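Here the structure comes first, spelled out in structure tokens, and everything after it is commentary.
Read-outs throughout are calculated quantities, based only on the coordinates presented, and are distinct from any laboratory measurement. Since the model is a prediction, treat every value here as computed from it, not as a measurement. Every residue, glycine among them, receives a Cβ derived from its backbone with ideal geometry; neighbour counts consider all protein chains shown.
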Amino acid sequence: MNFMKNYACILLLAVIFSIGISPVKGQSNTNPAPQLGQNTIQEVIAAMTLEEKASLVVGAGRAPAPRNLPGGTIIGQTEIKVPGAAGNTAAIPRLGIPSMVLSDGPAGLRISPIRNGDSTKTYYATGFPVGTLLASTWDPALVEQVGKAFGNEVKEYGVDILLAPGINIHRNPLNGRNFEYYSEDPLIAGKMAGAIISGVQSNGVGTSVKHFAANNQETNRNSINTIVSERALRELYLRNFRIAINESNPWTVMSSYNKINGTYTAERKDLITTVLRDEWNYKGFVMTDWGGGRDWTAEMNAGNDLIMPGSPRQVQAIISAVKHDSISVKQLDMNVEHILNIVIKSPSFLKYTYSNKPDLKAHAVVARRAATEGMVLLKNEANTLPFNKSIKTIAAFGNASYNTIAGGTGSGDVNKAYVISVYKGLGNAGYAPDAGLETIYTQYFQQARAQALAVAPANGRRQQQGPPPEMMATDDQIAQKATNCDIALITIGRNAGEGADRKLETNYNLTSDEKQQIKKIAENFHSKGKKVVAVLNIGGVIDMNEWKDNIDAILLAWQPGQEAGNAIADVLSGKINPSGRLATTFPAQYTDVPSAKNFPGTPAERPEQVVYQEGIYVGYRYYDSFNIKPMYEFGYGLSYTDFSITDLKLSSGRFKGMITATVNVKNIGQVAGKQVVQLYLSAPAKTIDKPAQELKGFSKTRLLQPGESQAVTFSIREADLASYYTDKSEWMAESGEYLVKIGASSRDIKQTATFKLGSKIVIETDHKVLQPQIAIDELKTGGNK
């Protein structure tokens, strides 16, 4: 019976959205209906029936195959127009309102590469580097260029809105989706997101910045209750969104799955209307994540304009709520207006004739360049890198040398035409990676696949197989390669994605077998006077104890997109001087992570809530304030050359509205390179607990030739001085002395200077919102630094 009811609703909606809805009682059938674009949006809304309004604020879902419904597909045409897209909005042809297509894609557009089984025509998208790598470039201008290429594919494949970027903070390194996100710091996250949004939207398509807000884990993500103080929210978990929105004005914002302090984010009016619209003046529309929230009436009243992916049942629920005064007509009209303000800008409305033929070759060049700029050289003993001219034959160990990981799994994956492996990239660069090892690994992968296929589950359903365990080379194989090859390269691979967090023992840590193999390789090659290089092909932070000291050089390649092997070879060979810097801290051990003791929440079996007891002390804010030495600090990264940072000058010793800080950066090494200059600020903490320092500015130099210098200038404004005072709902800067620190990482400070603020400044007064229901025993340092 339920099936028949749903089927009847679908048939009804098929009629509604294919021919439009009859005029409401009192409207003349002879008068033409207003048309979006020809009449004002208010006139169009006035002409809409309640049913049409309700349908517009509910996504059209995925259309069934034509054979399943008489007369073809229903609301919208996602599966026909752009197969593989995540969803679409409803069309109302009667009023000239088209359906918009929405597609996943934090690291590349996620659509089906082959349609209707016809492999003679393909629709591959570029696999760009993941968000964490892009943030490691510290170069918003470069990231914007990635966005421009990315957005061109969105437009030319017929998509209106890209469901990206994701910009949640790296609260804990075990979050399975950290690869999609940018940083532990809201300034980096906001600036990088703003850059890629601007680039994508320069093509006349939209983005959906997500997941708003405090969505920092995948474990029980659909219902986990995030308990967090308003100050931590304001200073960390909302500030990244605010920066991105101010910088780029994304067309849409996607609310997250989780609750914040007891209420689903999609149902929180104080979050979506009070903060986002009233305080930040946001003008786009807000949509749920797919299936986010529970109370559709509450979502509408909160200002969450679009429920995705949508169902007929939700349309009927909205209609009923309006009829029974649970949703006011005024509120529903406002939700509709927010959506129509975006529809009228979309390629679908403008009837753009998309080509299905973006310039994938040109975009691959962009992807490769961005990948090299975000790789971080973590270790380089005795100038092991770049490879010297004597290096010809390379023993490439590790599954990921051959099955190189371009990007993460889930909605962050991309259907790309190819991935250049490390092995192939080395060959493309003119080296001779050992063919015997390639054969051994290929045979291992084939055997692993055959074994997986041979194992049939008891229920007869095959589960998707993950990658095989790391292959263990024999002692004889390692010894032979140490004799015959010039250098060893070990690629360490780790992957994760949507729906699950990383396992501490098998994903964050290396297994005992992996560590033992690294030790054997190192002993064999070092005994021959040969070096060992590790390439980290990972989406998130990993443990480096017990094996790091066995390695001569470590290149953090992250997940660099489809040009992975070529980009890695560019850096290993010295064609590109690495200039990436860490935008997330590598702790010495997982137990040092400030959120480790309460991630992913309680109860342990299936967490219902997670308490952000660390408060504002996330990432380097914690390590630097509590003197916890990390493995590699925030902002860290080596180069093949050396730089000096000198001559710090402040424009004034007293703060009056703004101060500029200027330093001179000089390449004092032997090869051309780029330096990332970072400005940290230490503020007086007389009336409120504060971190030891916070990043307030950064700049990447141009390519400096040996001996060449560049002046770098930063502007420090009132807002950079302020902290959030929850009791007063104020952003306030305390009077007193402020310490400016400029350097090459959070712990490699080269220059310092001070200025004074004569009296406190209240920069902004906000609403009192998002209060936790329980007291949080937040971490505090207990005084001034």
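Expressed as an acute angle from 0 to 90° and rounded to the nearest 10, what is the orientation of the C-alpha long axis of helix 2-19 relative to the principal long axis of the chain?
Taking the Cα atoms of the chain, the angle to 2-19 is about 80 degrees.
Once you sort the root eigenvalues of the Cα gyration tensor of the stretch 170-251 as a ≥ b ≥ c, which label holds: rounded (a/c under 1.5), prolate (a/b larger than b/c) or oblate (the other case)? Provide the component values of the computation, followed by the final result.
Working: a/c = 1.97, a/b = 1.62, b/c = 1.22.
Cα axes put the stretch 170-251 in the prolate bin.
Below 8 Å between Cα atoms, with a sequence gap of 6+, how large is the relative contact order for the stretch 565-666 in percent?
Numbers: 118 pairs, mean separation 28.4, N = 102.
Value for the stretch 565-666: 28 percent.
Can you work out the FRET efficiency for the pair D325 and D777, with r the C-beta to C-beta distance and R0 = 51 Å, to the nearest 0.05? Display every interim value, and only then the final one.
Working: r = 43 Å, r/R0 = 0.83.
For D325 and D777, the calculated efficiency is 0.75.
Would you kindly derive the ³J(HN,Hα) couplings of the stretch 628-633 from the backbone phi angles with the Karplus curve 6.51 cos²θ - 1.76 cosθ + 1.60 (θ = phi - 60°), listing them in order in whole Hz, with x for Gly and Pro?
9, 6, x, 5, 9, 7
Mind sorting out which of (1) 1.09; (2) 1.05; (3) 0.98 is the real Rg/Rh (Cα atoms, Kirkwood Rh) computed from the coordinates?
Matching entry in (1) 1.09; (2) 1.05; (3) 0.98: (3).
Need one number: nm distance between label points at Q705 and K768, each 7 Å from Cα along Cα→Cβ, rounded to one decimal.
If labels sit at Q705 and K768, their model points lie 6.3 nm apart.
Given a cut-off of under 8 Å on Cα pairs at least six residues apart, what relative contact order in percent is computed for the chain? Working shown, then result.
On the way: 1908 pairs, mean separation 106.3, N = 785.
Across the chain, relative contact order equals 14 percent.
Is the C-alpha gyration tensor of the stretch 283-427 telling us rounded, prolate or oblate? Criteria: a/c under 1.5 is rounded; beyond that, a/b larger than b/c is prolate, otherwise oblate. Display every interim value, and only then the final one.
Values: a/c = 3.51, a/b = 2.67, b/c = 1.31.
Taking the square roots of the gyration eigenvalues as a ≥ b ≥ c, the stretch 283-427 is prolate.
Measure up K155/K191; K361/K530; K503/K575 against 31 Å on the Cα-Cα distance and list the ones that go over.
Pairs exceeding 31 Å: K361/K530; K503/K575.
Over the stretch 299-366, calculate the relative contact order: mean separation of alpha carbon pairs under 8 Å at least 6 apart, over the residue count, as a percent. Before the final figure, lay out the partial values.
Working: 23 pairs, mean separation 22.3, N = 68.
Normalised by residue count, the contact order of the stretch 299-366 is 33 percent.
Placing unit charges on C-beta atoms (Lys and Arg positive, Asp and Glu negative, everything else neutral), compute the dipole magnitude of the stretch 164-245 about its Cα centre in debye, rounded to 20. Could the numbers behind the result be given before it?
On the way: 9 positive and 6 negative charges, 27 e Å.
Magnitude of the dipole: close to 120 debye.
Between K656 and A46, how high is the FRET efficiency from 1/(1 + (r/R0)^6) when r is the Cβ-Cβ distance and R₀ = 56 Å? Nearest 0.05. Please report the intermediate quantities before stating the final value.
Values: r = 51 Å, r/R0 = 0.92.
Between K656 and A46 the formula returns 0.65.
Could you give each residue of the stretch 258-265 its phi-based ³J(HN,Hα) in whole Hz, using Karplus coefficients 6.51, -1.76, 1.60 with θ = phi - 60°, and x for Gly or Pro?
Once θ is set to phi - 60°, the couplings for the stretch 258-265 become 6, 8, 10, 6, x, 10, 4, 4 Hz.
Cα axis of helix 312-323 to longest principal axis of the chain: angle in degrees, 0 to 90, nearest 10?
The answer is roughly 60 degrees.
Under a point spin-label approximation (7 Å from Cα along Cα-to-Cβ), what is the T591-D333 distance to one decimal in nm?
6.3
Under a cut-off of 14 Å between alpha-carbon atoms, report the aspartates and glutamates in cross-link reach of K780, not counting same-chain residues fewer than 8 places apart.
E614, D624, D689
Using only Cα atoms, find the angle between the long axis of helix 564-573 and the longest principal axis of the chain, and express it within 0 to 90 degrees, rounded to the nearest 10.
30
Name the residue farthest towards the positive end of the dipole of the chain from the options Q773, P309, Q562, assuming +1 on Cβ of Lys and Arg, -1 on Cβ of Asp and Glu, about the Cα centre.
Q562
What number of lysine-lysine pairs in the stretch 663-759 show an alpha-carbon separation below 13 angstrom, given a sequence spacing of 8 or more or placement on distinct chains?
Details: K666/K674; K666/K700; K666/K750; K674/K700; K696/K741; K741/K750.
Total qualifying Lys-Lys pairs in the stretch 663-759 comes to 6.
Rounded to whole Hz and in sequence order, give me ³J(HN,Hα) for the stretch 141-158 from the Karplus expression 6.51 cos²θ - 1.76 cosθ + 1.60, θ = phi - 60°, writing x for Gly and Pro.
5, 5, 4, 5, 5, 4, x, 5, 5, 4, x, 4, 5, 4, 5, 6, 9, x
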